[in-house]
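In what follows, a single structure is set out as structure tokens and then discussed.
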Amino acid sequence: MNDLKNKLYNDFQVILIQNDNNLSTLQFNNVHLSPVFIEKLNQLELESIKIEAEMFAKSEHFSVTHNKIKNLSLLTKNPITIHIQAVEPLIYFFVHIIFKRNKSITTDN
């Protein structure tokens, strides 16, 4: 888990906090996200990102039993704070996709 914490912080400046029952908290630095993306972010958008992360995991040949995000909820928007329960690579893919979508919003405008 420490490797993932370091990688998320170094790559995205996202803080990962491990909670009980394998539930993790992701805290984003909103400075690195578009205000339009932050405004648009809701539980439905998170579910869409979840599906994309799970599909990416399948395409990368992760075990079928380990490529599901079990719990996902948006706690706050300022800063963006998310609860997630998943294996480490899937958490990384999830964060990566958030930044990919953020980038597509900023380049579309």
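The values are calculated or read from the model by the stated rules, or taken from the named source; none is laboratory data. Please read these numbers as outputs of a predicted model, since none were measured by experiment. Don't worry about glycine lacking a Cβ; one is built from the backbone with ideal geometry, like all the others, and counts go over all protein chains shown. What goes into the accessible areas is simple: the full protein's heavy atoms, side chains included, and nothing from ligands, DNA or RNA. Shrake-Rupley method; radii C 1.70, N 1.55, O 1.52, S 1.80 Å.
The table below gives the values:
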quantity	calculated
Selected residue (criterion: surrounded by the fewest Cβ atoms within 10 Å (Cβ to Cβ)) from residues of the stretch 21-79 that are hydroxyl-bearing (Ser, Thr, Tyr) and in contact with a helix residue (DSSP H, G or I) (Cβ under 8 Å, 6 or more places away or on another chain)	SER73
The stretch 1-20, residues that are open to solvent by 80 Å² or more (accessible area, probe 1.4 Å) and of a type in the set (S, T, N, Q)	ASN2, ASN6, ASN10
Top-ranked residue of the stretch 25-41 - restricted to ones that are at pLDDT 95 or above and in contact with a Leu (Cβ under 9 Å, 6 or more places away or on another chain), ranked as farthest from LYS77 (Cα to Cα)	THR25
Tally, over the stretch 10-32, of residues that are within 17 Å of SER104 (Cα to Cα) and in contact with a Phe, Trp or Tyr (Cβ under 8 Å, 6 or more places away or on another chain)	2
Residues satisfying the stated conditions in the stretch 63-105, i.e. within 20 Å of GLU39 (Cα to Cα) and of a type in the set (Phe, Trp, Tyr)	PHE94, PHE99
Checklist (1) within 11 Å of the chain's Cα centre (by Cα); (2) of a type in the set (D, E, K, R); (3) open to solvent by less than 60 Å² (accessible area, probe 1.4 Å) applied to LYS100, failing item	(3)
The stretch 56-86, residues that are at pLDDT 90 or above and part of a helix (DSSP H, G or I)	none
